[in-house]
Ligand SMILES: Cc1cc2nc3c(=O)[nH]c(=O)nc-3n(C[C@H](O)[C@H](O)[C@H](O)COP(=O)(O)OP(=O)(O)OC[C@H]3O[C@@H](n4cnc5c(N)ncnc54)[C@H](O)[C@@H]3O)c2cc1C
């Protein structure tokens, strides 16, 4: 039976659990055992999802130090010989994954957004050259197969609860940290469009009116996102850009206002449940992907919808 290890980043537990979907796609017709490893953080929803959860609770190991964490993963791999190691491409995961691959003398495909099987070979797909091409990378050699996975792309459906076995792991050797944590300070509150259930997104048709989106997002309890056209015009930060060179989002509702639907934008919408687009041109590519198309001016649409919502919600 194949063995798959998933690194559970305590700061992004759900994104880490979603890597079970990657494991499923890697082994579509093969039995495999899933193991999650966490460093002291709560296992929460990972319980019932993995076959085994390994908890490392050891005061000698600073869980914020990617080098110390890497050494533990190396030791665990030496004991259990995993066939596949998956790491979420979170800020911390991006520090751990290349170090681990180097220590295990294996290759790493970073920031993977899709999995495929060609001619019996496993391939990892990732954007390359700032998203200009999608590269398919094949695994050769002994392995283990290692990938870091872009958060928000894969979603794992919990179809059945597993009887998760939890194990405590105390490494034989702990790397004495060369990093000291002096203080922990909460980052200034900003939102992450990947976590939003409703996104009100603006494109080229909203230039000059982009700030109007906030009113509608507020009424719908959602957040504002943008196409690259808006970002390139300096009207929104890159952190809220949807698409190939931005973020992959998975809201229940994506409202595309004045967005044409270029292939690079649509690349970020793979997991969206419902799309409503508002466009002057009903033949814009985004319209063919939408559940509902409103042909008309996006600003007028915002005015009318906000007024309607306020009317219906006022006592
Ligand atoms: C390597 C590479 C990576 C890229 N990555 C991304 C990416 O991550 N995300 C991304 O978005 N793009 C990306 N792009 C750019 C992409 O190709 C498009 O140029 C961009 O998405 C266009 O943005 P848009 O649809 O908002 O604007 P436009 O192309 O200008 O389209 C505007 C749309 O609004 C409509 N419209 C105009 N006025 C109104 C109005 N008053 N009311 C309603 N509708 C109106 C128009 O009919 C049109 O459909 C990338 C390009 C390259 C080359």
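The values are calculated or read from the model by the stated rules, or taken from the named source; none is laboratory data. All values derive from a computational prediction rather than experimental measurement. Using ideal geometry, Cβ is built from the backbone for each residue, glycine included, and neighbour counts are taken over all protein chains shown.
Key figures
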{"item": "Where residue 208 falls short, out of the listed (1) at positive phi; (2) in contact with a strand residue (DSSP E or B) (Cβ under 8 Å, 6 or more places away or on another chain); (3) within 10 Å of the ligand (Cβ to nearest atom)", "result": "(2)"}
{"item": "Subset of region 217-242 [part of a loop (DSSP other than H, G, I, E, B) and within 12 Å of the ligand (Cβ to nearest atom)]", "result": "227, 233, 235, 236"}
{"item": "Filtered residues of region 84-111 (kept if over 19 Å from residue 14 (Cβ atoms) and surrounded by 19 or more Cβ atoms within 10 Å (Cβ to Cβ))", "result": "84, 85, 100, 101, 104, 108, 109, 110"}
{"item": "Subset of region 93-114 [under 9 Å from residue 148 (Cα atoms) and in contact with a strand residue (DSSP E or B) (Cβ under 6 Å, 6 or more places away or on another chain)]", "result": "93, 97, 108, 109, 110, 111, 112"}
{"item": "Condition check for residue 291: at pLDDT 95 or above and surrounded by fewer than 21 Cβ atoms within 10 Å (Cβ to Cβ)", "result": "yes"}
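Results for (1) free of Cβ contacts under 8 Å to residues at least 40 places away in the same chain; (2) more than 10 Å from the ligand (Cβ to nearest atom); (3) under 20 Å from residue 232 (Cα atoms), shown as yes or no for each residue.
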site	(1), (2), (3)
244	no, no, yes
251	no, yes, no
260	no, no, yes
268	yes, no, yes
284	yes, no, no
